[in-house]
1. List the pairs whose first member sits in segment 306-322 and is away from ligand 2 (no atom under 13 Å from the Cβ) and modelled with pLDDT of 95 or more, whose second member is acidic (D, E) and not in a loop (DSSP other than H, G, I, E, B), and whose Cβ atoms are under 7 Å apart, counting only residues at least 6 apart or on separate chains?
2. Could you please let me know if T360 is among the polar types (S, T, N, Q), at pLDDT 95 or above and open to solvent by 10 Å² or more (accessible area, probe 1.4 Å)?
3. Can you tell me which residue is most open to solvent (accessible area, probe 1.4 Å) among those in segment 253-262 that are without any contact (Cβ under 8 Å) to a residue 40 or more places away in the chain and within 13 Å of ligand 2 (Cβ to nearest atom)?
4. Within segment 296-322, which residues are within 14 Å of ligand 1 (Cβ to nearest atom) and small (G, A, S)?
5. In segment 301-321, which residues are touching a helix residue (DSSP H, G or I) at 6+ places or on another chain (Cβ under 8 Å) and not in a strand (DSSP E or B)?
6. Can you pull out the residues in segment 229-239 that are assigned to a loop (DSSP other than H, G, I, E, B), more than 9 Å from ligand 1 (Cβ to nearest atom) and open to solvent by less than 40 Å² (accessible area, probe 1.4 Å)?
7. Considering only residues that are in contact with a strand residue (DSSP E or B) (Cβ under 6 Å, 6 or more places away or on another chain) and assigned to a strand (DSSP E or B), look in segment 336-349 and name the one that is surrounded by the most Cβ atoms within 10 Å (Cβ to Cβ).
8. Within segment 287-295, identify whether any single residue is assigned to a helix (DSSP H, G or I), more than 10 Å from ligand 1 (Cβ to nearest atom) and hydroxyl-bearing (S, T, Y), and answer yes or no.
Amino acid sequence: MNTAAQSTGVLSFEEAYEVVRQHCRRILKAGDRPSEEVLLLQAAGRVMAEAVVADRDFPPFPRATRDGFAVRADDLASGITLLRVVGQVRAGDSYDLPVASGEAVEIMTGAAVPAGADAVVMVEYTERKSAEIKHQGHEGARRGESEDQGAVADDQILDIAGSEKPRLEEKRTEDLVEIQRPSAAGENIVPAGAEARAGQELLPRGARLGSAQIALAAAAGKASLKVYRKPRVAILSTGDELVEVAEKPGPSQIRNSNSYSLAALVVECGGEPVQLPIAPDEEGKLTELIQEGLKADILLLSGGVSMGKFDLVEQTLKSLGAEFFFTGAMIQPGKPVVFGEVGSGAFFGLPGNPVSVMVTFELFARQMVEALSGAEPSRLKSAKAKLNKDFTTKTGLTRFLPARLDGELYDPEVQVVQWQGSGDMLAAARANCYLVVPPDREKLAKGEMVTVVMR
Ligand code: AMP
Ligand code: MG
């Protein structure tokens, strides 16, 4: 890999991506960022500043995963298929006697499998029966003085209703269950501690808290969590033509929408946006606002990085002593994107066109914001889909074109959104992904499986 200094210039997409990734690794390695304790739900989307450890086994007891009967698999293996139902255990309950040979306990999903039982037979494979059973000599069987005492030998289960009458006067009806399928030990049971042992790490430091991670923290009894403080991301839009959203634009002015697309993206990936006032295309005021922005954890500039006479961002950064890691990437849209540092403050100069700003954020800035929030940057969320129409372009640039992913679950289809170029915000709003066109491809054919990047 090139060093930062060698990387200066216009890079291929892959090179530029890797340069940013390298910086992310450096940021993560440096560690040492402020944290705060927040309520569990407020931690959604945040990043763990300390590991969550299991306060007990997960699951805490052997968990039945089906409604049915807890049995001893050995019984079934040895041909015993008619078992005495000696109890019932619902989720939240326990059945405290060991299940002996010849016995079954009716059990519900989520309940603790009683000792002695080692398989749960699904209720669908069983049939309840009742029988009259000799009482004599059988007293104490349920006391379970030893595991085997509860055993009901084949000859003790007598007289299925309707069959031959018992000779003894003392009789009672007993619940039986016929097991209609063999069952192996362990079937439909998750053993205690199979997911995690007490004391084991459930969530590492640096984990992003999505719904599954929040659930895990909740299950471990964490009502609040220590998370990293959100990185502050300064957003500075440049351009003499810009007015703030609430202002009435003159005939040749436009509203500063980039500040909002960027702020929304920053929020989405766990940062705190700091929207600075619009910077005019004038070096004095621009310098002042850039200096303000560099106080944040990272500065995102929009506009002013092309080759025009009033594109002053690069030269202003240079006069502030900036080191540039790259000053362009062979992509469309977004080719003029720049990445660098002033002192220890990183910045991206993103091209001003509304689609370019979103694409370059997605490709490069997102991972930096993620790293600054203490999380391993997520990879680009790419997927394959079938192109629904021929597409022709020129070679040389990796293209990320606004597109729509539709179609069925097993047959995703993508179509390029009609657009008027990288200033077309409406196209961006109609899109739900970017179609990726590799730099060596002139034509993508209808029906071809192509790559998209989700957003
Ligand atoms: P620039 O990169 O400064 O040359 O700007 C390229 C195009 O993007 C021009 O048409 C600008 O008017 C437009 N543009 C620049 N900044 C913004 C912004 N903050 N919001 C919306 N459009 C912008
Ligand atoms: Mg401009």
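1. That search, which allows pairs on different chains as well, returns A322/E341.
2. Here the answer is no, as T360 does not meet what is asked.
3. Ranking the candidates gives I254 first.
4. Selection gives S302, G303, G304, S306, G308.
5. Listed by number, the residues that qualify are G303, G304, V305, L312, V313, Q315, T316, L317, S319, L320.
6. P231
7. Going through the qualifying residues, I end up with G349.
8. yes
The values are calculated or read from the model by the stated rules, or taken from the named source; none is laboratory data. Computed from a predicted structure; not experimentally measured. Positions of Cβ are backbone-derived with ideal geometry, glycine not excepted, and every protein chain shown enters the neighbour counts. For the accessible areas, the whole protein counts, side chains as well, though only heavy atoms, and no ligand, DNA or RNA atoms are used. Shrake-Rupley method; radii C 1.70, N 1.55, O 1.52, S 1.80 Å.
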